[in-house]
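Engineer: First the structure, which I've put down as structure tokens, then a few questions once you've had a look.
The values are calculated or read from the model by the stated rules, or taken from the named source; none is laboratory data. This is a predicted model, so every value here is computed, not measured. Every residue, glycine among them, receives a Cβ derived from its backbone with ideal geometry; neighbour counts consider all protein chains shown.
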Amino acid sequence: MIKASDADTWVICPLSVTLQAQYPAETTPAKNEGIQAHAVLSGTTLDGTPDMFDGAVMWRDHIAGIRSAGAITGEHGEYQLTVPRIHQQAIARPDYVMYGPGVLHVLDYKYGHREVPADSWQNKMAVAGLLGDADDREITVHMHVVQPRNFHGSGRVRTVTVNASDLRADINLLATQATRATQPNPPGQTGPQCLGCSARHACPLAQQAGYAAIEYAGSAVPLDLDPVSLGHELTALDRAEQQIRARRSGLAAAAESMLAAGQTVSGWALEQSTGRLTWSRPIADVLAIGDAMGVDLRKLDTVTPTQAKKLLPPELIDLYATRTAGAVKLVPSLTTAATAAFKRGK
Ligand code: SF4
């Protein structure tokens with residue numbers, strides 16, 4: 001299966017299709033959050049955070065804005081479509097589609113923080129599927145991304161408008177890379193996309209690139225670089241940094257899975273971090289106890305247990321507060337390193 005949702009990875013690295021099928025992405029809190037945010041968006045659940053509901057309002061407002069601009073004769077929510085123009089196994093799943101005479105809107109909702117361009121490969125692939133064999137010279141395409149938690153300067157709702165025929169070269173590239181991905185020995189290419197590749201912990205190319213980057217970062221360089229050499233050096237180090245980060249995050253995810261399954265990973269352990277102190281009783285009770293002690297807690301910007309402890313006896317606040325369980329983190333561990341070394345030495 002050639003998925004539009006992974007297009008920004010396989011359009012650079014066709015090898016990733018085979019490797020990601022072998023090493024599919026594991027469920028993570030961020031992934032679950034995205035699924036929940038989409039469920040809130042589609043109205044299939046009312047179980048969501050305030051951010052998720054704000055995002056859903058932003059999404060509906062944007063759709064209403066497109067509708068009110070006119071020229072829309074049909075629209076529908078998330079559905080799966082095949083994209084034979086790219087590959088027989090290619091599928092796309094746009095979150096929302098709107099169309100009218102000579103106009104096509106493709107909308108993508110992203111709940112994550114990582115900035116996604118409106119003219120993403122994912123959106124282009126959905127456009128290719130929707131256009132089919134239509135005369136692309138006559139169609140204006142609007143690609144949208146609504147990303148409520150994108151706090152970069154580019155804004156949380158972004159749109160790119162093009163004539164459909166302008167996308168021919170990109171669609172051809174997608175088709176070429178999709179074909180390569182399904183042939184024997186598909187070519188691989190490391191790069192920033194490795195960070196989002198679920199196979200990065202098992203990929204030999206990412207491993208080599210990681211080692212090369214580590215070696216390069218440790219090499220001696222002259223201190224008096226001229227501006228051109230300095231620029232090249234910075235670019236090379238940026239790339240090395242990306243490779244090391246991609247490799248590191250893949251190995252960290254694999255180590256977390258192993259440790260969670262009860263295996264030992266030399267030099268590493270899982271540690272439960274300390275959670276936040278939150279109120280265990282209604283805030284009205286907390287304010288009342290403050291009043292009884294002659295302290296108006298309402299004057300605080302935010303009435304948190306930590307803030308309240310500065311004004312009232314901490315042991316009193318502890319009766320009204322509880323500490324939540326923190327996230328489980330991967331941390332270096334001398335104990336597991338020593339245990340592994342001991343086992344090796346036996
Ligand atoms: S880790 Fe990078 S090089 Fe390896 S398959 Fe994934 S995208 Fe390709």
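Residue-by-condition table, conditions (1) assigned to a loop (DSSP other than H, G, I, E, B); (2) without any contact (Cβ under 8 Å) to a residue 40 or more places away in the chain; (3) among the aliphatic types (A, V, I, L, M); (4) out of contact with any strand residue (DSSP E or B) (no Cβ under 9 Å at 6 or more places or on another chain):
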position: Q272; (1), (2), (3), (4): no, no, no, no
position: T278; (1), (2), (3), (4): no, no, no, no
position: D285; (1), (2), (3), (4): no, yes, no, no
position: I289; (1), (2), (3), (4): no, yes, yes, yes
position: L312; (1), (2), (3), (4): yes, yes, yes, yes
position: A325; (1), (2), (3), (4): no, no, yes, no
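Engineer: Name the pairs whose Cβ atoms lie under 7 Å apart, with the first residue in the stretch 42-70 and without any contact (Cβ under 8 Å) to a residue 24 or more places away in the chain, the second not basic (K, R), and 6 or more positions between them or separate chains?
Structural biologist: From the stretch 42-70, the pairs are T45/A39; G48/Q36; G48/A37; G48/V40; F53/V40; A56/V40; A56/L41.
Engineer: Being under 30 Å from P192 (Cβ atoms) and either charged (D, E, K, R) or outside the structural domain of S333 (by TED's automatic domain parsing) (or both) is the filter here, so list the residues in the stretch 271-295 that pass it.
Structural biologist: E271
Engineer: Next question. If I ask for residues that are part of a strand (DSSP E or B) and surrounded by 16 or more Cβ atoms within 10 Å (Cβ to Cβ), which ones from the stretch 132-147 would you list?
Structural biologist: V141, H142, M143, H144, V145, V146
Engineer: Looking at (1) closer than 30 Å to L330 by Cα; (2) outside the structural domain of A199 (by TED's automatic domain parsing), which one does A246 not meet, given that it meets all the others?
Structural biologist: (2)
Engineer: Show the residue pairs that are 6+ apart or on different chains and have beta-carbon atoms under 9 Å apart, the first residue being within the stretch 183-212 and near the ligand (Cβ under 7 Å from one of its atoms), the second being assigned to a loop (DSSP other than H, G, I, E, B) and polar (S, T, N, Q).
Structural biologist: From residues that are near the ligand (Cβ under 7 Å from one of its atoms), the pairs are C203/T190; L205/Q189; L205/T190; A206/T190.
Engineer: What residue, of Q88, Q122, is touching a residue at least 24 places away in the same chain (Cβ under 8 Å), polar (S, T, N, Q) and in contact with a strand residue (DSSP E or B) (Cβ under 9 Å, 6 or more places away or on another chain)?
Structural biologist: Q122
Engineer: Also: Name the single residue, out of those in the stretch 252-269 being in contact with a helix residue (DSSP H, G or I) (Cβ under 8 Å, 6 or more places away or on another chain) and of a type in the set (S, T, Y), that is modelled with the highest pLDDT.
Structural biologist: If we take residues in the stretch 252-269 being in contact with a helix residue (DSSP H, G or I) (Cβ under 8 Å, 6 or more places away or on another chain) and of a type in the set (S, T, Y), then T264 is modelled with the highest pLDDT.
Engineer: Being among the acidic types (D, E) and either within 16 Å of the ligand (Cβ to nearest atom) or under 14 Å from the mean Cα position of the chain (by Cα) (or both) is the filter here, so list the residues in the stretch 1-54 that pass it.
Structural biologist: D6, D8, E26, E33
Engineer: Quick one: Q177 ticks every box in (1) within 16 Å of the ligand (Cβ to nearest atom); (2) surrounded by fewer than 18 Cβ atoms within 10 Å (Cβ to Cβ); (3) modelled with pLDDT of 95 or more; (4) polar (S, T, N, Q) bar one, so which box is it?
Structural biologist: For Q177, the failing item is (2).
Residue-by-condition table, conditions (1) in a strand (DSSP E or B); (2) not hydrophobic (A, V, I, L, M, F, W, C):
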{"site": "Q122", "(1), (2)": "no, yes"}
{"site": "L130", "(1), (2)": "no, no"}
{"site": "R149", "(1), (2)": "no, yes"}
{"site": "V160", "(1), (2)": "yes, no"}
{"site": "A169", "(1), (2)": "no, no"}
{"site": "L173", "(1), (2)": "no, no"}
{"site": "R180", "(1), (2)": "no, yes"}
{"site": "G210", "(1), (2)": "no, yes"}
{"site": "D224", "(1), (2)": "no, yes"}
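Engineer: Related question: Please determine, by comparing only the residues of the stretch 148-164 that are among the hydroxyl-bearing types (S, T, Y) and modelled with pLDDT of 95 or more, which one is surrounded by the most Cβ atoms within 10 Å (Cβ to Cβ). Give the steps one after another, and end with the answer.
Structural biologist: So the first thing to find is which residues in the stretch 148-164 are among the hydroxyl-bearing types (S, T, Y), and the list is 154, 159, 161.
With modelled with pLDDT of 95 or more added as a condition, the list becomes 159, 161.
Numbers: T159: 16, T161: 14.
Taking the candidates together, the pick is T159.
Engineer: Continuing with this model, one more query. From (1) touching a strand residue (DSSP E or B) at 6+ places or on another chain (Cβ under 7 Å); (2) away from the ligand (no atom under 16 Å from the Cβ), pick out the condition that doesn't hold for S68.
Structural biologist: (1)
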